Each structure stands twice: as C-alpha cells, then as structure tokens.
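Visitor: Encoded as structure tokens, here's the structure I'll be asking about.
The values are calculated or read from the model by the stated rules, or taken from the named source; none is laboratory data. Model, not experiment: these values are computed from the prediction. Virtual Cβ from ideal backbone geometry, glycine too; neighbours counted across all protein chains shown. Quick note on the areas: whole protein, heavy atoms, side chains included, nothing else; ligands and nucleic acids left out. Shrake-Rupley method; radii C 1.70, N 1.55, O 1.52, S 1.80 Å.
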Amino acid sequence: MEEVNLKVSSEKFLFGVLAFFSIISYIVLIVSMVGLVYLILIALTILITKGIFIGNIKGNAVKLSPQQLGDIYNEYEQMARQMGFDEVPDIYLIQGGGLLNAFATRFIGRNFVIIYADVLELAYQQGMDEVKFILAHELGHLRANHLKYRWLIQLGFMIPLLGQAYLRACEYTADRYGAYYSPKGAVRGLILLAAGKKLYNNIDIDQILKQAREDKGFWVNFSELFSSHPHLVKRIEAVKEFVRYISPAQENSEVFSVESV
Ligand SMILES: [Zn+2]
C-alpha cells in the first residue's frame, strides 16, 4: 500500500525543525561534561519510569491473543499484517473507568498498543469499524515511527509550542492510517471519542462539520496551540476529506449513514 501518502507534510517539516534544534542541543550538552551527566540521569529516569509503567501494564492488563478476545485480536492482527508489521505489537486491554481511549507506546525496541475496555466493549455491541479505526490509528503511530525517533527530537520540545505542533501533525497522520484501514469507522470513530458510546449514534455529522467550519474564533485556535491533539471537530473534518479522497464511492453510501455500523 502507501501509494497514498499517509504522512502529512507538516509532520515531516516539523520533525526536521525539531531534529535540527534537538541535535544542536545534544551536541552542546555532550561537549559540556555537566550536560552529559544530566543527559544520562534524565535518560535513566525515563527508562526506569517507562519500565515501571510497562511492568504495571503487563501485570494488570489483559493481553489479547487468539485465545483471549480472539475475534478482536484476529481483526487486529490481520490489520497489523496489512500495515506491514512483521512483528505484531502486543495489545493490552485496561479498564479505564469509562474513558474512551487508546494509545501506542514503545519500550526497549518493543511496540505496545493499549486500549481501554470501553472502546472494546463497543466492538461487541455494534461498532467494529470504529474500533478498527482506533486500533489502526494507534498502529499508524508506530508504523510512521512517531515513537521510534522521539528521543532524537526530544530536546527540540524545549521550544515553546513547536513540539505540540509536531504532535498534532502526527495525530492527523495517525488518523489517515486509521481512515485508510477502516474507512467506514473513521468519522464515526472520532465522533465516538467526542460524544461517548451511548450518544455517538445520535450525533449529526453535518452539524459537527458545520461546527468545525464556523467555530474558528481566537480562543478556539489559541487553545489548540497548547494541545498535543488537534481539536476533535477539526480531526473529523480532515478525516472526512481524506476518506472522500481515497474512496469517493464509499463517501456517499454507508460510510456516513448514521444507521449503518
Ligand atoms: Zn494518536
């Protein structure tokens, strides 16, 4: 695949800018011996914190497999293979107290996907396409190497707002992955995150898109500058455009019909 460019161009540009400043900062820190000591201490702190985090996930979360929630795992594995993963990232289910979320993470060269129980419950109720969109979004972060090279650009995050702009671009990229591998679940998967699994079926997509076009005041834009994620209504608008671009036939049929799941 990937004849369609899934990585948004602003992401590549911002990565370059962050890498430039970050590498200069690394060089300055390494040549000043005190800086090098700080760098090693920070790296060790991050390693230990992340190790404890992953240890807690492995100890408390439910690992999906062909024998554990196999129907969802099989869909996930199949999608990961389609996306070009030789080694399918381990996927864990955690109970998030009603939160609708998922994330991808990485620890010592291994990829992990963690998904909250409330999202997966939906797969059993009605919305497998939406769940697939969310899973493909997380796999997209890994496939696009958003985490693999984070250390390289990390020091560039000291520049105010630049790191957040890069992270938002990464979200648009991951949404494209999600939409590419689950076009039917794309818009509705994001509406699910915005409105919750009880109400999302009742949300009018045209009104959301109208909201995205009309609510563009100063504070809306200003608040987004500090956020690692673009505003959901903008993501919905972008993903709808992208689905129209990759599959014009679907756009007018079942993809956006409120009844179809
Ligand atoms: Zn994301």
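Visitor: Hey, any hits in the range 153-171 for a residue that's charged (D, E, K, R) and more than 22 Å from F21 (Cβ to Cβ)? Before the answer, list the steps.
Guide: Within the range 153-171, the first condition is being charged (D, E, K, R), and the residues that meet it are 168, 171.
Add one more test, that the residue is more than 22 Å from F21 (Cβ to Cβ), and what stays is none.
No, the range 153-171 has no match at all.
Visitor: Let me ask you something else. Could you list, in sequence order, all residues of the range 161-172 that are assigned to a helix (DSSP H, G or I) and either open to solvent by 10 Å² or more (accessible area, probe 1.4 Å) or more than 9 Å from the ligand (Cβ to nearest atom) (or both)?
Guide: Listed by number, the residues that qualify are L162, G163, Q164, A165, Y166, L167, R168, A169, E171, Y172.
Visitor: Just checking, which of I23, I30 is aliphatic (A, V, I, L, M), surrounded by fewer than 15 Cβ atoms within 10 Å (Cβ to Cβ), under 18 Å from L155 (Cβ atoms) and at pLDDT 95 or above?
Guide: I23
Visitor: Right, here's the next one. Say we look at the range 141-154 and pick out the residues that are open to solvent by less than 30 Å² (accessible area, probe 1.4 Å) and within 11 Å of the ligand (Cβ to nearest atom); which of these is nearest to V88 (Cα to Cα)?
Guide: L142
Visitor: Let me ask something else. Do you know which residues across the range 141-160 are closer than 24 Å to V233 by Cα and not in a helix (DSSP H, G or I)?
Guide: Residues satisfying the conditions are A144, H146.
Visitor: Which numbered condition trips up H146, out of (1) closer than 17 Å to I57 by Cα; (2) at pLDDT 90 or above?
Guide: Condition (1) is where H146 drops out.
Visitor: Consider R235 carefully, then state whether it is of a type outside the set (D, E), within 16 Å of the ligand (Cβ to nearest atom) and either surrounded by 13 or more Cβ atoms within 10 Å (Cβ to Cβ) or modelled with pLDDT of 85 or more (or both).
Guide: yes
Visitor: Turning to a different aspect of this structure: Restricting attention to strands (runs of 3 or more DSSP E) lying wholly within the range 90-140, give those where 3 or more residues are away from the ligand (no atom under 11 Å from the Cβ), among the acidic types (D, E) and surrounded by fewer than 19 Cβ atoms within 10 Å (Cβ to Cβ).
Guide: Working: elements: 90-94, 102-107, 110-116.
In the range 90-140, no matching strands (runs of 3 or more DSSP E) lie anywhere.
Visitor: Any idea which of (1) within 14 Å of the ligand (Cβ to nearest atom); (2) surrounded by fewer than 22 Cβ atoms within 10 Å (Cβ to Cβ) is the one M158 doesn't satisfy?
Guide: The single condition M158 does not satisfy is (1).
Visitor: Still on this structure, please answer the following. One residue is enough: does the range 49-62 have a residue meeting the conditions open to solvent by 80 Å² or more (accessible area, probe 1.4 Å) and of a type in the set (V, I, T)?
Guide: Yes: the range 49-62 contains one or more residues that are open to solvent by 80 Å² or more (accessible area, probe 1.4 Å) and of a type in the set (V, I, T).
Visitor: While we're looking at this one, here's another question. Does the range 217-246 hold any residues that are assigned to a helix (DSSP H, G or I) and of a type in the set (S, T, Y), and which are they?
Guide: Across the range 217-246, the qualifying residues are S223, Y245.
Visitor: Same structure again: Which condition does F13 not pass, out of (1) open to solvent by 80 Å² or more (accessible area, probe 1.4 Å); (2) farther than 13 Å from A165 by Cβ; (3) not basic (K, R), if it passes all the others?
Guide: Answer for F13: the failing condition is (2).
Visitor: A further question on this structure: Please go through the range 182-210 and pick out each residue that is within 16 Å of the ligand (Cβ to nearest atom), under 14 Å from I246 (Cα atoms) and open to solvent by 30 Å² or more (accessible area, probe 1.4 Å).
Guide: Selection gives nothing.
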